[in-house]
């Protein structure tokens with residue numbers, strides 16, 4: 001299968017570099033493009049287009065890092081910061097809008113109440129994405145990278 005349009009949401013985690021590199025490998029085969037996004041979750045007490053300067057700066061740093069990785073890998077990449085009430089629906093909406101073939105998401109290994117926890121975003125995207133979803137789980141604590 002050829003994947004020419006891939007969506008990669010980044011969150012400033014260790015696993016981000018791995019998912020950007022993987023997306024670039026897949027996109028290069030098809031001479032495709034990787035859309036790298038960072039979603040800022042805006043509180044319901046603020047307007048959706050509110051200026052959230054610290055979060056925006058942090059997102060710009062994450063996207064700059066991802067762009068560097070894509071450049072080194074000779075991969076065409078486009079980056080964007082999105083603001084939304086919920087991260088999962090924003091990722092799915094972006095996938096629909098851009099007509100992507102695959103979403104590649106990173107997931108840190110984290111435990112909640114002693115059990116592995118995926119949070120809310122990943123299950124939402126898995127249930128609602130209009131395309132394939134590749135989930136990249138980071139290493140467990142103490143596991144070699």
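The values are calculated or read from the model by the stated rules, or taken from the named source; none is laboratory data. From a predicted model like this one, the values you see are computed outputs, not experimental measurements. Cβ coordinates were reconstructed from backbone atoms using ideal geometry, including for glycine residues, and neighbour counts include every protein chain displayed.
Here is the figure for segment 33-54: residues that are buried (at least 17 other Cβ atoms within 10 Å of the Cβ) and farther than 20 Å from residue 92 by Cβ total 1.
Screening the candidates 108, 101 for the property of being surrounded by 13 or more Cβ atoms within 10 Å (Cβ to Cβ), farther than 17 Å from residue 38 by Cα and at pLDDT 75 or above yields one hit, 101. Screening residue 22 on (1) surrounded by 21 or more Cβ atoms within 10 Å (Cβ to Cβ); (2) within 22 Å of residue 130 (Cβ to Cβ) shows it passes everything except condition (1).
Can you say whether residue 8 is without any contact (Cβ under 8 Å) to a residue 60 or more places away in the chain, within 17 Å of residue 134 (Cβ to Cβ) and either out of contact with any strand residue (DSSP E or B) (no Cβ under 6 Å at 6 or more places or on another chain) or assigned to a strand (DSSP E or B) (or both), as far as the supplied structure shows? Criteria not met by residue 8. Taking segment 13-111 as the region of interest, the strands (runs of 3 or more DSSP E) fully inside it that hold 2 or more residues being out of contact with any helix residue (DSSP H, G or I) (no Cβ under 7 Å at 6 or more places or on another chain) are 76-84.
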